[in-house]
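In what follows, a structure is listed as structure tokens, so that the remarks can point back to it.
The values are calculated or read from the model by the stated rules, or taken from the named source; none is laboratory data. It should be emphasised that the depicted structure is a prediction, and the values quoted were computed from it without experimental measurement. Cβ placement follows ideal geometry from the backbone for every residue including glycine, while neighbour counts extend to all protein chains displayed. SASA here: full protein model, heavy atoms, side chains in, ligands and nucleic acids out. Shrake-Rupley method; radii C 1.70, N 1.55, O 1.52, S 1.80 Å.
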Amino acid sequence: MLEMKDRYAALMHKVVGVEEAKKRLEIWRLTPRQIVFTNGCFDILHKGHISYLAKAASLGNRLVIGLNSDASVKAQGKGEDRPINTEMDRAAVLAALGFVDLVILFDEKTPINLINELNPHILAKGADYDAEETDETAKTYIVGSKEVRANGGSVETIELEEGYSTTALIEKLKA
């Protein structure tokens, strides 16, 4: 039986850097597997996140998450008190989900470099984005959609659970 420390180490084996991720994706591509990529901050994991990630995972065989680092979250201007949880805490929680195969931290404001490095088959984002938007300056544009399609992949949007958001949850906790 695995000791608790060993279980945590096994769990954290899913949290990797870009080079290790590329190696694993190369192996996965030896069989006909569809690699799904999504990204986000996932600051306080809630039912909306779980539903979204489960739906993203069901689009293919492997789910890879690009996780905004603490610096990346700050650069997005989500608020001085964000993120609530540290990048490694957020990564550990995501890695604990059975349908998540890899978690990769990125420091940039967007995951475009990570998407270009990994070249996923499917790029997934919430339905608050528009898979058909081509104006890269539009708020609904999906970063990486042009690149994924150019490499033969697809871009999918996923309906979000109504009434769930980290911002709303934080406001509720403050009240």
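Couple of notes before you dig in:
- Taking 0.36 nm per residue of sequence separation and removing the Cα-Cα distance, the residue 147/residue 99 pair yields an extension gain of 14.8 nm.
- Cα-based Lys proximity count in the chain, under 19 Å, for pairs eight or more positions apart or on separate chains: 19
- Carbon-plus-sulfur accessible fraction, the range 1-64 (probe radius 1.4 Å, protein heavy atoms only): 59%.
- Solvent-accessible area, 1.4 Å probe, carbon plus sulfur percent, for the range 77-160: 46
- A 1.4 Å probe run over the range 95-134, with the rest of the protein chains in place, finds 44 Å² accessible per residue.
- Separation between Cα centres of the range 139-154 and the range 54-119, rounded to whole Å: 17
- Fully extending the segment from residue 74 to residue 132 would add 18.1 nm, taking 0.36 nm per residue of separation and subtracting the current Cα-Cα distance.
- The simple spin-label model puts a point 7 Å past each Cα toward its Cβ; for residue 31 and residue 116 those points are separated by 3.2 nm.
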